[in-house]
Amino acid sequence: MSVRPATQREILIATIADLLSGVRTVAVGASSPIPAAGAMLLRARNEIRGRERVRIVVLGSREHNFFTNGAVELFDCAAQGRIDAFFLGGGQIDGQANINLVGTGDYPVSTVRWPGSFGSAFLYYVVPRVILFREEHSPRVFVDKVDFVSAPGTSEGIVRNGGPHALLTGMALFGFDKTRKRFDLRSAHRGVSAVDVKAATGFDYDAPASVPMTAEPDAETLALLRGRVTGELAECYPQFVGALEAERAA
Amino acid sequence: MGEIVSLDELAANVRDGMSLALPIDHSGVAMAATAAIIARRPRNLHIICMPTSGIQADMLIGEGLAATVETSAVTLGEAGAAPRFTEAARSGAFRLMEATCPATLAGLIAGQKGVPFMPIRGIIGSDLMKARPDWAVINNPFAPDDSIVVVPAICPDVSLFHAPEADRFGNVRIGRNTELATMAYASKATLVTVERIIETSLLADEQSAAGVLPALYVTAIAQVTQGAWPLGLWGEYEADTAEIARYARMAKSQDGFAAYMQGFVQRLKAVA
């Protein structure tokens, strides 16, 4: 029996594992199954390949959270430089990697209101490798300028060791140049063209003449993802695992 | 100090105009006490979410009891947006003190220490600085060219949370949710509901004493079984996700919310 090719979500999970390569401690937000899966995949693969041990903290989880000092510990730990990677999203993300988790319109009265900034206005500054992740890739999400800056992509004249490392969407993977404050398109996922990405993105970015396809997971990675990692993930996100398995079978 | 009272007596401590600190969803949320407070209708509350909230803040906002809400986020998590918060925030129905989690926690720690403010990294360049005129940027007094944000101390009138157990001497087990202790240290009064009250002192041996908030900081305790429902309680029971989803659906409209709340408060009367 031949192995079924990776689904779109499996490609996202494997891409996150690659983006996390080299990290030792990664934190994941409460409702972030794809980032959590990427981190679990890296942990499993590193074990097999004899590479560095990866520690994962899933916020709000009892089983996948080794913190013992309450809500403040993640932030203190990040402030000490102990958290290597974290994930942030946003209702809007702009071309300078500013993120908006508050809402659209003229603050404080908004057209659309989102839950709020959470820890973004701190973690974006102190975690070295922040991966911006948003599955929906559309002009309403990727705007020229956000309506409210929950956290800025770059800063000058202040102590800042953290910031955007990459932007991963349902269509493509971008890198970010902190000096030029610009995204660059690194690859488009299977079935997506450079033209599709351009049409769905509301900000300007750099792109090579020929845009490569996002790397697909190798057989070993895919087997780990479909085996051990799916099991680990089910403890945290049972509903998500159900959807993932349905996609594989489709 | 650590007096054991009825749920209604406990709720009576929350009065008009007070600031009320509430914990994050997974630390132990006193939902039965929230119903008891709503039944007494204190007005113009200043809700402080430590550092975010969910259905609890959404109910207090929907009932029109909150004049001010200080929060980093209000969300029902997997069940989606918090409908009453979303609607009221969008239209500016209350004063919103928009925050970021570690800033609120830093303010509370300043309150715990009895100092007027606490410095915190980050935030500079965020629009939160515009939304929060009470936050300031100062120069690090010990190093040149180092701007840093300072946030004022937070000293809530009342903190409220739910925990698995207290002993009859008023000591409360809070486990590794140490922000509950920080809330209590910083607050003028702390109200706790618990699943059970035990006879043996939690301070009797070192093992059980770790993770205990001493009675010194506890104003009143009321025993309520399933006191966090429909939210879960660590080490005790899971959240009732179907019920939270039902709330999320009904609270989309003010009428649906009113109907839900009638059932919610009546259920409390049936248990009490």
**OP:** Can you tell me the relative contact order of chain B? Whole percent, Cα pairs under 8 Å, sequence separation 6 or more.
**Re:** 23
**OP:** List, in order, the whole-Hz ³J(HN,Hα) value for each residue of region A:208-223 obtained from phi through the Karplus relation with A = 6.51, B = -1.76, C = 1.60 and θ = phi - 60°; use x for Gly and Pro.
**Re:** x, 4, 10, 8, x, 7, 4, 4, 8, x, 6, 4, 4, 4, 5, 5
**OP:** Within 10 Å, count the other beta carbons around each residue, average over each peptide in A:43-51, B:118-126, and list them highest first.
**Re:** B:118-126, A:43-51
Subject >> Positive-end residue, the protein assembly as shown charge dipole about Cα centroid, Cβ charges, pick of A:Val26, B:Tyr237, B:Ala215 >> reply: A:Val26
Subject >> Among B:Phe117, B:Phe142, B:Phe85: highest mean-square fluctuation, GNM of chain B, C-alpha pairs under 10 Å >> reply: B:Phe142
Original post:
Normalised by the residues of chain A, what does the relative contact order come to in percent, with Cα pairs under 8 Å and at least six apart?
Top reply: 20
Original post:
Across peptide A:151-158, how many C-beta atoms of other chains are within 10 Å of each residue C-beta, on average?
Top reply: 5
Original post:
Once both labels are modelled 7 Å past Cα along the beta-carbon direction, what's the A:Arg24-B:Ser91 spacing in nm?
Top reply: 5.3
**OP:** Please say if chain A is rounded, prolate or oblate, where rounded means a/c under 1.5 for a ≥ b ≥ c the square roots of the C-alpha gyration tensor eigenvalues, and otherwise the choice is prolate for a/b larger than b/c and oblate otherwise?
**Re:** oblate
Original post:
Does region B:4-125 come out rounded, prolate or oblate by the C-alpha gyration tensor, with a ≥ b ≥ c the root eigenvalues, rounded set by a/c under 1.5 and, if not, prolate when a/b is larger than b/c and oblate if not?
Top reply: oblate
**OP:** With +1 on each Lys and Arg Cβ and -1 on each Asp and Glu Cβ, and nothing else charged, work out how big the dipole of chain A is about its Cα centre, in Debye to the nearest 20.
**Re:** 360
**OP:** Output the pairs from B:Lys188/B:Lys269; A:Lys145/B:Lys130; A:Lys145/A:Lys181; B:Lys113/B:Lys188 with a Cα-Cα distance over 22 Å in this structure; if there are none, say none.
**Re:** B:Lys188/B:Lys269
Original post:
Let a ≥ b ≥ c be the square roots of the eigenvalues of the Cα gyration tensor of chain B; is it rounded (a/c under 1.5), or, if not, prolate (a/b larger than b/c) or oblate?
Top reply: oblate
**OP:** Just tell me how shielded B:101-108 is by partners: mean number of partner chain Cβ atoms within 10 Å of each residue's Cβ, no decimals.
**Re:** 6
Subject >> Whole-Hz couplings from phi, Karplus 6.51/-1.76/1.60, listed for region B:226-237; x for Gly and Pro >> reply: 6, x, 9, 4, x, 6, x, 10, 3, x, 10, 8
Original post:
Using a Gaussian network for chain A with springs between C-alpha atoms less than 10 Å apart, which of these wobbles most: A:Ala79, A:Ala17, A:Ala199?
Top reply: A:Ala199
Subject >> Long-range HN-HN contacts of B:Ile198 with modeled amide H, under 5 Å >> reply: B:Ala166, B:Asp167, B:Arg168
Original post:
What nm distance separates the two modelled labels at B:Ala136 and B:Ala39, each placed 7 Å from Cα along Cα→Cβ?
Top reply: 4.6
Original post:
For region B:228-272, what's the relative contact order in percent, using C-alpha pairs closer than 8 Å and at least 6 residues apart?
Top reply: 20
**OP:** Would you please give the residues with an amide H less than 5 Å from that of B:Ala99, counting only those at least 5 places away or on a separate chain, with H modeled from the backbone geometry?
**Re:** A:Ser117, B:Thr71, B:Ser72
**OP:** Take the Cα coordinates of the protein assembly as shown, assign each an equal point scatterer, and use the Debye formula without solvent to give log10 I(q)/I(0) at q = 0.06, 0.09, 0.13 Å⁻¹.
**Re:** -0.29, -0.66, -1.33
Original post:
Near A:Ala30, within a Cβ-to-Cβ distance under 11 Å, what is the net charge of the other residues, with Lys and Arg +1 and Asp and Glu -1?
Top reply: -2
Original post:
If we count other beta carbons within 10 Å of each Cβ, what is the order of B:Trp234, B:Trp229, fewest first?
Top reply: B:Trp234, B:Trp229
Subject >> Karplus-derived HN-Hα couplings along region A:173-186 (A = 6.51, B = -1.76, C = 1.60, θ = phi - 60°), whole Hz, x at Gly and Pro >> reply: 10, 10, x, 9, 9, 5, 6, 8, 6, 9, 7, 10, 6, 8
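Evaluate the charge dipole of region A:116-250 about its Cα centre and quote only its size in Debye, nearest 20, assuming +1 on the Cβ of each Lys and Arg and -1 on the Cβ of each Asp and Glu.
Computed about the Cα centre, the dipole is about 340 debye.
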Subject >> Inter-chain shielding of A:64-74 (mean C-beta neighbours from other protein chains, 10 Å cut-off) >> reply: 6
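Readers should treat all values here as calculations from the given coordinates under stated rules, not as data from a laboratory. All values reported here derive from a predicted model rather than from experimental measurement. When we count neighbours, we look across all protein chains shown, and the Cβ atoms used for this are built from the backbone with ideal geometry, even at glycine.
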